[in-house]
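A.B. asks: Right, I'll just put the structure down here and ask away after.
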Amino acid sequence: MARDDRDRDVHEDGQDLDADFKPLSAEEAQRLRERKPLISPWRVIAIQVVAGLLVALVAWGLSGRLSVGWSAGYGALAVVIPSAVFARGLTGRFSSLNAGTAVFGFFLWEMVKLVLSVAMLLAAPRLITALSWPAMLVGLVVTMKAAWVAVMLAPKGRKI
């Protein structure tokens, strides 16, 4: 069944984008994998754990109040625990059966991660005595941004 002209992907100058598409050979795909290695989600989570511990210690040290350190640490946990659940879900056997289950699994586990994060933030006032919202938010943001550190520290591929 031929595609209708209305369904064709065209560049702004009218050129057919599908005409430029060329699938990679097995050898080209292997070279690309060697140049751009994947980053393990567990490596990202480990770096987030370290960042969370550091921000909690710094918050405690600068304020001199243990509750501020616990607040920052809980903010970090509100990122790390949902991320670990998400990574576990994505690396499970079900999520890699085929492309359809991979996409479904991604959205399902992303929703679980989101709900878990919100639930942890809502539970914070009940779990942390003398909760410092600013410290908790700093812990949350610093830990989220630590994922970029993981990308920057990723092993570099070989130059070919």
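A.B. asks: What residue, among those in segment 146-155 that are out of contact with any Lys or Arg (no Cβ under 7 Å at 6 or more places or on another chain) and in contact (Cβ under 8 Å) with a residue 12 or more places away in the chain, is surrounded by the most Cβ atoms within 10 Å (Cβ to Cβ)? Please lay out each step first, then the result.
C.D. replies: Filtering segment 146-155 down to residues out of contact with any Lys or Arg (no Cβ under 7 Å at 6 or more places or on another chain) leaves 146-149, 151-155.
After this cut, where a residue has to be in contact (Cβ under 8 Å) with a residue 12 or more places away in the chain as well, the list is 146-147, 149, 151, 153-155.
Working: A146: 23, A147: 17, V149: 14, V151: 10, L153: 12, A154: 15, P155: 8.
Per the criteria, the residue is A146.
A.B. asks: In segment 47-78, what residues are farther than 20 Å from L122 by Cβ, in contact with a Phe, Trp or Tyr (Cβ under 8 Å, 6 or more places away or on another chain) and not hydrophobic (A, V, I, L, M, F, W, C)?
C.D. replies: Selection gives G69 alone.
A.B. asks: Within the set of pairs 6 or more residues apart or between chains, which connect a residue that is over 16 Å from I81 (Cα atoms) inside segment 100-111 to a residue that is of a type in the set (G, A, S) with Cβ atoms less than 6 Å apart?
C.D. replies: So the pair list comes out as A102/S95; G105/S95.
A.B. asks: OK, next. Among the candidates L131, L127, L122, which residue alone is exposed (fewer than 12 other Cβ atoms within 10 Å of the Cβ), touching a residue at least 24 places away in the same chain (Cβ under 8 Å) and of a type outside the set (S, T, Y)? So that I can check it myself, show each step before the final result.
C.D. replies: Values: L131 fails: exposed (fewer than 12 other Cβ atoms within 10 Å of the Cβ); L122 fails: touching a residue at least 24 places away in the same chain (Cβ under 8 Å).
It is L127.
A.B. asks: Right, here's the next one. If you check Q30, Q48, which single one turns out to be exposed (fewer than 13 other Cβ atoms within 10 Å of the Cβ) and not hydroxyl-bearing (S, T, Y)? Spell out how you get there, then give the answer.
C.D. replies: Numbers: Q48 fails: exposed (fewer than 13 other Cβ atoms within 10 Å of the Cβ).
Among Q30, Q48, only Q30 is exposed (fewer than 13 other Cβ atoms within 10 Å of the Cβ) and not hydroxyl-bearing (S, T, Y).
For every residue, the table says whether it meets (1) under 18 Å from the mean Cα position of the chain (by Cα); (2) among the basic types (K, R); (3) modelled with pLDDT of 85 or more; (4) surrounded by 13 or more Cβ atoms within 10 Å (Cβ to Cβ).
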| position | (1), (2), (3), (4) |
| --- | --- |
| G69 | no, no, yes, yes |
| A78 | yes, no, yes, yes |
| S95 | yes, no, no, yes |
| G105 | yes, no, no, yes |
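A.B. asks: Determine which member of the set A56, A29, A46 is assigned to a helix (DSSP H, G or I), farther than 19 Å from I81 by Cβ and among the aliphatic types (A, V, I, L, M).
C.D. replies: Numbers: A56 fails: farther than 19 Å from I81 by Cβ; A46 fails: farther than 19 Å from I81 by Cβ.
Every option except A29 fails the conditions.
A.B. asks: So, one more: Taking the conditions exactly as written (aliphatic (A, V, I, L, M), under 19 Å from W133 (Cβ atoms) and either assigned to a helix (DSSP H, G or I) or at pLDDT 90 or above (or both)), does A84 satisfy them or not? Steps first, answer last, please.
C.D. replies: On the way: aliphatic (A, V, I, L, M): yes; under 19 Å from W133 (Cβ atoms): no; either assigned to a helix (DSSP H, G or I) or at pLDDT 90 or above (or both): yes.
Taking the combined requirement at face value, the residue does not satisfy it.
The values are calculated or read from the model by the stated rules, or taken from the named source; none is laboratory data. Note that the structure is predicted; figures quoted are calculated from it, not measured. We place every Cβ from the backbone using ideal geometry, glycine too, and count neighbours over all the protein chains shown.
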